1. Any idea which of (1) of a type outside the set (Asp, Glu); (2) at pLDDT 95 or above; (3) part of a helix (DSSP H, G or I) is the one Leu94 doesn't satisfy?
2. Does any residue of segment 134-149 turn out to be over 23 Å from the mean Cα position of the chain (by Cα), outside the structural domain of Cys68 (by TED's automatic domain parsing) and at pLDDT 90 or above?
3. Pairs under 8 Å by beta carbon, first residue over 16 Å from Ala139 (Cβ atoms) in segment 39-68, partner surrounded by fewer than 22 Cβ atoms within 10 Å (Cβ to Cβ) and of a type in the set (Asp, Glu), six or more apart or different chains?
4. Name the residues in segment 73-90 that are assigned to a strand (DSSP E or B), over 20 Å from Ala139 (Cα atoms) and not aromatic (Phe, Trp, Tyr), would you?
5. Can you tell me which residue is modelled with the lowest pLDDT among those in segment 59-68 that are surrounded by 11 or more Cβ atoms within 10 Å (Cβ to Cβ) and closer than 18 Å to Thr116 by Cα?
6. Kindly check whether there is at least one residue in segment 206-229 that is free of Cβ contacts under 8 Å to residues at least 12 places away in the same chain and either over 28 Å from the mean Cα position of the chain (by Cα) or at negative phi (or both).
7. What number of residues within segment 69-86 are in contact with a Ser or Thr (Cβ under 6 Å, 6 or more places away or on another chain) and at negative phi?
8. If I ask for residues that are farther than 22 Å from Trp85 by Cα and part of a loop (DSSP other than H, G, I, E, B), which ones from segment 149-180 would you list?
Amino acid sequence: MNKIILLLTFIALSASFSTFAQRPLPRTQDKIEFQSDDVVGTWKWFCGSVVTVSPDGNVKAVWDDGRCATARYEKIEDNKYRFIWGNNEWIDILKLRKEGNFLEGTNQCGGKITATKISNTIDKANVQKASSNDSTNTAISGVYTCSEGGTYYVKSDGKNLYWVGESADGGKSWTNIFIGKVEGSKVKGKWYDLPKGRNGGSGDLEVLLAADCMSFNWVEGTGGFGGRQWKRR
């Protein structure tokens, strides 16, 4: 009797398993594979520039006002890239979203970086325009506000950089000049207070130019120079 019960139980279980095995498996989402060149194309960077990323690792950025910048990129992880601007002074670590049309991340200072893809093709005109002026340093010319409240009138020919800076009271407290030599994204030179103001200091000074030519920062200096960060007006 027991053998008959066991036999019937085995037959029932076998039938159930056969029915289950015939059921269609749930459909899984197809995995999207991203190639190393997914970042290649033309992008609109967060700072307003149009950036062309080429398959050879070169990057060209051009602004509407003619400013240009160059960089190189490398893939460091799946969908993750390192953009190195200038002479290694500015480094962006960016992640490509699965949609393939948006980059986001930070630079080495923690600043947020984003970019939207506007074309999968390379804008040759953009590359040629950037190549005709690879140096970002001529584009740094302009009027800047400094962290100590002063106004600076900056001029650069790509090899040298000069400025006249005035305190917020029209230069009565201090007025200074700077004469520096451009070395990649760094500028090294000397500053001097002028008799227009009450101060009479002088010393060495080194500043770091931002890749987008919208700001520059104090690196080191002597003589008690007070400015630390300059932003374009």
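The values are calculated or read from the model by the stated rules, or taken from the named source; none is laboratory data. None of these values were measured; they are calculated from a predicted model. Cβ placement follows ideal geometry from the backbone for every residue including glycine, while neighbour counts extend to all protein chains displayed.
1. In the conditions (1) of a type outside the set (Asp, Glu); (2) at pLDDT 95 or above; (3) part of a helix (DSSP H, G or I), Leu94 misses (3) alone.
2. Yes, the conditions are met somewhere in segment 134-149.
3. Listed by first residue and then by second, the contacts come to Thr42/Asp123; Thr52/Asp123; Pro55/Asp37; Gly57/Glu74.
4. Once the filter is applied, which keeps residues that are assigned to a strand (DSSP E or B), over 20 Å from Ala139 (Cα atoms) and not aromatic (Phe, Trp, Tyr), segment 73-90 yields Glu74, Lys75, Ile76, Glu77, Lys80, Arg82.
5. Checked segment 59-68; the qualifying residue modelled with the lowest pLDDT is Trp63.
6. No: zero hits.
7. The total comes to 2.
8. Within segment 149-180, Gly149, Gly150, Ser167, Ala168, Asp169, Gly170, Gly171, Lys172, Ser173, Trp174 qualify.
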